[in-house]
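**Q** There's a structure below that I have some questions on.
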Amino acid sequence: MSHAMHHDDWIAICALDDIPVLGARRVARARGLDVAIFRGAADRVFALLDRCPHKGGPLSQGIVFGESVACPLHNWTIALATGEAAAPDEGSTARFSVLLDGGVVHLSARELAEHALEFTRPHAGPACRGHAEPAAAGSAALRSVPVTLQRA
């Protein structure tokens, strides 16, 4: 992230154990698309805008493998650490800073309020289904929503 992070900027989102291994949760924001929080096999935690750079698919509903996620719409592979699509695909989704402290996952309040607000979700098709309602405007509380992965 381009701005300096202050220790009082972090807000607790959930316990690490609330995120399934190789799974995800979503955090609804007062403005902008949800943020997807992913847990890799080695308990590394990543946060990306819940939007594939290809067609806007909900990455939180994708399959997590290693430190990547496959978009549920067209199987694009997105690196969790960078948000970059794997070649030959091109593009990226916004990345958010994560702090894991004492088994609690924290996100930056500033980033949640200000980062990647310009993106929208498609208005039709599977990419727009199953998303949480945003937190009330001005609400300090964010909800984290468990995501149920669908296996083929």
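No lab work stands behind these numbers, since they all come straight from the coordinates. Please read these numbers as outputs of a predicted model, since none were measured by experiment. Because the Cβ atoms are built from the backbone with ideal geometry, glycine has one as well, and the counts that use them run over all protein chains shown.
**Q** Add +1 for every Lys or Arg and -1 for every Asp or Glu among the other residues with Cβ under 15 Å from the Cβ of PHE38, and state the total.
**A** Working: positive: ARG25, ARG26, ARG39, ARG44, ARG51, ARG95; negative: ASP17, ASP18, ASP34, ASP43, ASP50, GLU67, GLU84.
In short, -1.
**Q** Please turn the phi angles of the range 86-92 into ³J(HN,Hα) values with the Karplus equation 6.51 cos²θ - 1.76 cosθ + 1.60 (θ = phi - 60°), one per residue in order, whole Hz, x for glycine and proline.
**A** With the stated coefficients, the range 86-92 comes to 7, 4, x, 6, 9, x, 8 Hz.
**Q** Please turn the phi angles of the range 103-120 into ³J(HN,Hα) values with the Karplus equation 6.51 cos²θ - 1.76 cosθ + 1.60 (θ = phi - 60°), one per residue in order, whole Hz, x for glycine and proline.
**A** Once θ is set to phi - 60°, the couplings for the range 103-120 become x, 10, 8, 10, 10, 6, 4, 5, 5, 4, 7, 10, 8, 6, 7, 7, 8, 10 Hz.
**Q** Further question: Have a look at the range 54-106 and give its Rg and Dmax from the Cα atoms, expressed in angstrom.
**A** In Å, with Rg to one decimal and Dmax whole: 12.0, 39.
**Q** For the range 28-84, what is the charge dipole size about the Cα centre, in debye to the nearest 20, if Lys and Arg each add +1 at the Cβ and Asp and Glu each add -1 at the Cβ?
**A** On the way: 6 positive and 5 negative charges, 39 e Å.
With only Lys, Arg, Asp and Glu charged at Cβ, the dipole is about 180 debye.
**Q** Once you have the Kirkwood Rh of the range 1-99 from its Cα pairs, apply Stokes-Einstein at 10 °C and 1.306 mPa s and quote D in µm²/s. Present the calculation step by step, with values, prior to reporting the outcome.
**A** Numbers: Rh = 13.6 Å.
So the translational diffusion coefficient is about 117 µm²/s.
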